[in-house]
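This report refers to the structure that appears directly beneath it.
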Amino acid sequence: MVVTVRSLGLSGISGYEVSVECFLSGGLPAFDVVGLPDAAVREARERVRAAIKNCGAKFPVSRITVNLAPARLRKEGTLYDLPILLGILCASEELKKLPEGAAFLGELSLTGGLRPVTGVLPMALCAARSGIRELYVPEANAAEATLAEGLTVYGVRDVGQLVRHLRGEEPMEPASAWQPSGAAPSLPDFADVMGQENVKRALEIAAAGGHNVLLIGSPGSGKSMLARRLPSILPDMTHQESMETTEIYSVAGLTDARSPLITRRPFRSPHHTASPVSLAGGGTIPRPGEISLAHNGILFLDELPEFDKSALETLRQPLEDGVVTITRASGSLTLPSRFMLVCAMNPCRCGWYGHPSGRCTCSEAQVESYMRRISGPLLDRIDMHVEVPSVEYEAMRRREQPESSAAVRRRVNAAREIQKKRFAGTDVSCNAYMTPPMIGRYCALDGAGEKLMKGAFDRLGLTGRSHDRILRMARTIADLEGSENICAHHLAEAIQYRSSNLLK
């Protein structure tokens, strides 16, 4: 007798349906799992055997064959423990037929309890698309599974509870749809930063349009402090953005059972010793890297020249395309990676080049060598090059309170609403991602603007990419002012963010 139990699997960050087929036959007792299982799936035999015995059921003394279909796809992880157990119980007639339209997943302990697994949200979304009506998951994963609409989710504590439910002896209550509760923890505020009004203005523009930023300044000028306060002025996440980000975090095992939905834009800050694989993703079994974990949020690289050159070069293609494709012997995986790149660096190795104190000990050749650690193509993909001057004593001692993040965030949200209406019906969410046809349509310049742009193009030696990024920034500056047209002063402000003296 062959019993088929519906389950689910993961390929990258996408779910797919898996049929767990269990067959009991005569012959010497054996327990085989086929269908391209990894080591964790093969080890399910011992967990299932112990769980069946410890929940009071009888483990069949026969030849057991379990097939995980489709067999062409590699099955990974411990989530097939529960469907394998149910298939054996049904095949041995310990259980009657399972409910139609139901799928099961979960890791078993030896006592029959269910432990949480990763990647539940993308699998639940796949279940809803596949016509599955009921999804049985470990109790700790139930809140996350309820984020997928159109499913009745049951959180299972242990095998005994599930068996009694399936026999009709003690029906389980479906898990309630997760609802956010309580206020989110507060973020570091711009009101803590004294002075640096020009830099705050640049970060406001960056947040409003999703632009990449490079902060250049001497030690102690506040580069890292400002960058870590940037999340406090980022616009609210849409529901779609929250779901996209949560899917990635779910696969990476970074979701919280109490707050399964990511509602705050990510802020990822890897150390400068990070490898290319840790940034882009990959491994023997490809997994999301830092640039995918920063999707819809910020990737902050402090001490930019100290990063490995090959690691930095992995950012070039994702910055343009918004996705990263990882190819390994085990297969190819495409992950979303639409993020704001925020970098901070010193102007030289000692850090004091250009400082009024004149304490820099680096020669011109050493300064140039330090700057050459960052390639021109990568710099060209960073919209804004912002010099962060040392804070003056008077600014540190002033008594008036600087503008709060909440006030800045209101302006940023207003600018994003304009962009949302402008790009409605397209895949573009903000000005930084405008396509060339959109730039031609929404970034038209008047006579004064054309003259200013041509002068900057010739004087600064801009590339075609730089030209487009300046126009996108100018469009954002105009949106912050509520202006329908790009004026000359909008364009002038955008141009000055591409003309840093320290990067020439």
3J(HN,Hα) from dihedral phi, the range 306-318, Karplus parametrisation 6.51/-1.76/1.60, rounded to Hz, x for glycine, proline: 7, 5, 4, 4, 5, 5, 5, 5, 5, 7, 4, 5, x
For Asn296, residues with placed amide H under 5 Å, excluding near neighbours: Arg338, Phe339
Using θ = phi - 60° and Karplus 6.51 cos²θ - 1.76 cosθ + 1.60, couplings along the range 354-360 (whole Hz; Gly, Pro as x): x, 6, x, 6, x, 8, 5
Linear extension gain, His239 paired with Met225, 0.36 nm per residue minus alpha-carbon span: 2.1 nm
Two-site FRET efficiency, Lys420 against Asp38, from Cβ-Cβ distance with R₀ of 25 Å, rounded to 0.05: 0.05
For Val18, distant residues with modelled amide H under 5 Å away: Ser7, Leu8, Gly9
Ratio of Rg to Rh over the range 342-464 (Cα coordinates, Kirkwood Rh, two decimals): 1.05
Evaluated over the range 114-165, the Cα radius of gyration and Dmax, each in Å: 10.6, 30
For the range 418-451 and the range 276-308, distance of Cα centres in Å: 29
Rg [Å, one decimal], Dmax [Å, integer] - the chain, C-alpha atoms: 27.7, 89
The chain, accessible surface, carbon-and-sulfur percent (1.4 angstrom probe): 50
Debye log10 I(q)/I(0) at q = 0.18, 0.19, 0.23 Å⁻¹ for the range 100-196, Cα point scatterers: -0.82, -0.89, -1.19
Selection of GluC sites (Glu not before Pro), the range 237-344, meeting DSSP coil and at most 15 other Cβ within 10 Å: Glu303
Solvent-free Debye scattering, log10 I(q)/I(0), computed from the Cα coordinates of the range 22-159 at q = 0.11, 0.14, 0.17 Å⁻¹: -0.38, -0.63, -0.94
Residue-span extension gain [Glu169 to Leu73] - 0.36 nm each, minus C-alpha spacing: 30.8 nm
Where no second cysteine Cβ lies under 4.7 Å, the cysteines concerned in the chain: Cys22, Cys55, Cys90, Cys126, Cys343, Cys350, Cys360, Cys430, Cys443, Cys487
Amide proton proximity set for Ile326, modelled H, under 5 Å, gap of 5+: Leu333, Thr334, Leu335
Whether the range 18-96 is rounded, prolate or oblate, judged on the alpha carbon gyration tensor where a/c under 1.5 counts as rounded: prolate
Nearest 10 degrees, 0 to 90: helix 464-480 Cα axis against the chain principal axis: 90
Qualifying aspartates and glutamates (Cα of each under 14 Å from Cα of Lys58; at least 8 residues distant if same chain): Glu93, Glu94
Scattering curve values for the range 409-469, log₁₀ I(q)/I(0), Debye with Cα scatterers, q = 0.21 Å⁻¹: -0.93
Simple label model, 7 Å out from Cα along Cβ direction - Thr463 to Ser310, nm: 2.2
Counting DSSP beta bridges with both ends in the chain, the antiparallel % (nearest 5): 50
Heavy-atom accessible area per residue - the range 242-356, 1.4 Å, Å²: 39
Within straight-line cross-link reach of Lys75, aspartates and glutamates at Cα separation under 17 Å, skipping those fewer than 8 residues along the same chain: Glu17, Glu21, Asp32, Asp38, Glu43, Glu107
Normalised per residue, the volume of the convex hull around the Cα set of the range 88-147 (Å³): 90
Among Ser429, Val412, Ala39 the positive-end extreme of the charge dipole of the chain (Cβ point charges): Ala39
Sum of -39500 (n - 2.57) over DSSP H runs of 4+, divided by residues of the chain (222 nm, nearest 500): -10000 deg cm²/dmol
Long-range tail of P(r) for the range 210-362 (Cα pairs > 27 Å, %): 28
The range 420-504: projected area of the alpha-carbon convex hull, averaged over directions, in nm²: 5.7
Cα long-axis angle, helix 239-251 against the chain (0 to 90 degrees, to the nearest 10): 60
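The values are calculated or read from the model by the stated rules, or taken from the named source; none is laboratory data. Given the structure is predicted, the values throughout are model-derived calculations rather than measurements. In this analysis, Cβ positions are derived from the backbone assuming ideal geometry, glycine residues included, and neighbour counts consider all displayed protein chains. Side chains included, ligands, DNA and RNA excluded: accessible areas come from the protein's heavy atoms. Shrake-Rupley method; radii C 1.70, N 1.55, O 1.52, S 1.80 Å.
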